[in-house]
Amino acid sequence: MRTVRNVHERILDAPAAAVGALVDRLSAPDDPLFPSPAWAPMAFDRPLQTGAAGGHGPVRYEVTAYEPGRRVRFGFTPPVDGFHEITVEPLADGRCRLRHVLESRMGPVDLLMWTLVIRRAHETVVEEVFDNAELVATGAVARPVRRSALVRLLMRAESEKATAVELPAGARLARGAYERPDFSDAWQIALRPGMPRDVAAWRDVLPFPVVAREGAELLLGKDAGHLDFRASVLVEDERVTLSTVVRIHNRRGRLYFAVVRRFHPRAARHMLRVAWRRLALAAPSAGARERERAGATGRTGEG
């Protein structure tokens, strides 16, 4: 076993109390620091406090020490042995030092994975947390972190997956499209903090014309001599659902759809995930969203 220690720190031209207040909001619904939706958000089974259990994405840990405004330590869930910790240290002239430390004992396989893959993703996430803190506290980021090609590839693998569900009750346009559809299915994917909840932003999931809109649902589709289809995009309950209903007219339509049906589930999942990734990466950062909220309420993280 070998102990790995990874340290990042940044001097911020802002008071420790202001930066510490941001750290205290980690995992909150309006978390101003953790870089979601590009990455899975930090989430716990209760507000940030000692004993809170959760993590982000596949990384599991619990809060083992918490000094509001100064320090939070997260102990990794066994079999992982170690912790990561974020601290805020006051400095002279109204500045502060924001530091993140990861320490973990790793066997040969875990050490190899850390060296080749995980360290790059970890360091990018930490630096994005720092970027958000700097943006909120000072109004600008001097040297924003850049995502490498490897990190972008890891982000694709870490994005949310679409799962099969029943046609949602809220998809009223899809349900009412045909009296007796010959086929229907639905695929759903969870939304992360910062992703758009306005269904209009999801218009480009499929390259077909919009035929109707009702509330949080868009209905797209096309009619042909052999079959008609409608695709519903519904945003509700922190999820987006892509539903398809088909009406077949004749033998040619049945033969055509017998072939298409074999590839349809994979294509539907792929198109939904592509749209999801595009919108997640295009969303404003947590820091930018906090600046917008502060501007709307007259608050500011500076000074």
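Values quoted throughout were computed directly from the atomic coordinates according to the rules given, and no laboratory measurement underlies them. What you see is a predicted model; the values in this text were computed from it and never measured. Don't worry about glycine lacking a Cβ; one is built from the backbone with ideal geometry, like all the others, and counts go over all protein chains shown.
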Out of (1) over 17 Å from Leu234 (Cα atoms); (2) not in a loop (DSSP other than H, G, I, E, B), the odd one out for Gln188 is which?
-> (1)
Keeping to segment 1-59, report how many residues are among the small types (Gly, Ala, Ser), closer than 24 Å to Arg289 by Cα and part of a strand (DSSP E or B).
-> 3
Kindly establish whether Thr87 is within 17 Å of Asp31 (Cα to Cα) and of a type in the set (S, T, N, Q).
-> yes
Per the filter on segment 129-140, residues in a loop (DSSP other than H, G, I, E, B) and in contact (Cβ under 8 Å) with a residue 24 or more places away in the chain are Gly139
Looking at segment 83-126, which of the residues that are touching a residue at least 60 places away in the same chain (Cβ under 8 Å) and small (Gly, Ala, Ser) is nearest to Ala14 (Cα to Cα)?
-> Gly94
Filter segment 156-180 for residues that are among the aliphatic types (A, V, I, L, M), loosely packed, with under 13 Cβ neighbours inside 10 Å and touching a residue at least 24 places away in the same chain (Cβ under 8 Å) and give the result.
-> Ala164
Quick one: which residue in Leu234, Leu153, Leu206, Leu191 is without any contact (Cβ under 8 Å) to a residue 40 or more places away in the chain, of a type outside the set (S, T, N, Q) and under 17 Å from Leu279 (Cα atoms)?
-> Leu153
Could you say which residue among Leu191, Leu153 is closer than 29 Å to His56 by Cβ and surrounded by 18 or more Cβ atoms within 10 Å (Cβ to Cβ)?
-> Leu191
Matching residues, segment 41-76, being of a type in the set (A, V, I, L, M) and under 14 Å from Asp31 (Cβ atoms) | Met42, Ala43, Leu48, Ala52, Val72
Per the filter on segment 60-71, residues outside any loop (DSSP other than H, G, I, E, B) and not basic (Lys, Arg) are Tyr61, Glu62, Val63, Thr64, Ala65, Tyr66, Glu67
Under the condition of being of a type in the set (D, E, K, R) and over 17 Å from Gln188 (Cβ atoms), which residue from segment 231-263 is surrounded by the most Cβ atoms within 10 Å (Cβ to Cβ)?
-> Arg247
Members of segment 25-58 that are buried (at least 17 other Cβ atoms within 10 Å of the Cβ) and over 24 Å from Ala137 (Cβ atoms) = Ala40, Ala52, Gly54, Gly55
